[in-house]
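Written below as structure tokens is the structure these notes are about.
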Amino acid sequence: MSATMTSTKQTGRSRVMIVDPEWQFGLKLADCLATNGYHVVLVRDLQSMLTELGEIQPETILLSADPCDEERGTAEFDTLRALNVLCPQAPVLTVAEPLRDASGALSPPIDARASRPTPPAHNRVEELLRATLSIPCVRASLT
């Protein structure tokens, strides 16, 4: 058994996996979650996530959304399908860092700018990110 798994079982903290290619946003998320008692694993890409998924067995998975990447395509769909098989109990949430306008005020991420109301959070990670960092989560699904 690895040190990561042993530490996770001993502390009993909820595990969250964050996938962020740039790591800057992921580090902000990880810091917020770790400060609030979560065991956080940060990986750079989807392949690394799939490699560590079986060992970590996260209770929530956060995928950093790239606002410049409008074409997610087959690779993301295949990843979601693999996640559903390997870790069916873990919700997969897409998160995007809020943008700052010229005055420095936060504006919602591109995906959240529609005029529809913000849906209620479905788990504690969603609530925490929304309340602490003003980051809405979008649940990723195969449908």
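Rule-based calculations on the coordinates, nothing more; no lab input. Computed from a prediction, not measured in an experiment: that's the story for all the values here. We place every Cβ from the backbone using ideal geometry, glycine too, and count neighbours over all the protein chains shown.
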*Measuring from label point to label point, each 7 Å out along Cα→Cβ, what is the SER134 to THR51 span in nm?*
3.7
_Can you tell me the length gained on complete extension of the stretch GLN24 to ARG81, counting 0.36 nm per residue apart and subtracting the Cα distance?_
17.8 nm
*Considering the Cα trace of the range 15-68, what is its radius of gyration and what is Dmax, both in angstroms?*
10.5, 32
_From the phi angles alone, apply the Karplus equation (6.51, -1.76, 1.60; θ = phi - 60°) to the range 53-61 and give each ³J(HN,Hα) in whole Hz, x where the residue is Gly or Pro._
4, x, 6, 7, 6, x, 8, 8, 10
*Using 7 Å Cα-to-Cβ label points, what is the ASP31/GLU127 separation (nm, one decimal)?*
2.5
_Show me, for the range 38-44, the HN-Hα J-couplings you get by feeding each phi into the Karplus relation (A = 6.51, B = -1.76, C = 1.60, θ = phi - 60°), rounded to Hz, glycine and proline as x._
8, 8, 10, 10, 10, 10, 8
